[in-house]
Amino acid sequence: MATAGAVAKVGKSVHRIFVGNLPWTVGHQELRGYFKEFGRVISANVIFDKRTGCSKGYGFVSFNSLTALEKIENEQRHILEGNYLNIQKS
């Protein structure tokens, strides 16, 4: 049974985007909160500098459906806390 479950998980596709130009004040929860309106967010991670603990200004968001990516692409501009976000498929 465990093998069948593992195979089913492998079959599901994950769609991931790079999000650049994030404000310094945005963390994982804020990033997830912004993108959840486009579809079910599997993960949302802001990248932080290990030495300073400060945001590096970019992150990654993963979705379980291609529809979410299409909705994001259809939106002309994405603004979070005053910054225009740079979004690319990754």
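From the residues in the stretch 60-83 that are touching a Phe, Trp or Tyr at 6+ places or on another chain (Cβ under 7 Å) and surrounded by fewer than 16 Cβ atoms within 10 Å (Cβ to Cβ), which one is modelled with the highest pLDDT?
Here the answer is PHE60.
Looking at (1) exposed (fewer than 11 other Cβ atoms within 10 Å of the Cβ); (2) at pLDDT below 95; (3) farther than 15 Å from SER13 by Cβ, which one does ARG51 not meet, given that it meets all the others?
(2)
Tell me yes or no: at least one residue of the stretch 41-55 is assigned to a helix (DSSP H, G or I), more than 18 Å from SER90 (Cα to Cα), touching a strand residue (DSSP E or B) at 6+ places or on another chain (Cβ under 8 Å) and of a type in the set (Asp, Glu).
Within the stretch 41-55 (the criterion being assigned to a helix (DSSP H, G or I), more than 18 Å from SER90 (Cα to Cα), touching a strand residue (DSSP E or B) at 6+ places or on another chain (Cβ under 8 Å) and of a type in the set (Asp, Glu)), the answer is no, since none of the residues qualifies.
Could you give me the residue pairs with C-beta distances under 6 Å whose first residue belongs to the stretch 69-82 and is of a type in the set (S, T, N, Q), whose second residue is surrounded by 10 or more Cβ atoms within 10 Å (Cβ to Cβ) wherever it lies, and which are 6+ apart or on separate chains?
Within 6 Å, no pair qualifies.
The values are calculated or read from the model by the stated rules, or taken from the named source; none is laboratory data. Remember, it's a predicted structure, so these values are computed and weren't measured experimentally. Counting neighbours? That spans all protein chains shown, and the Cβs are built from the backbone with ideal geometry, glycine included.
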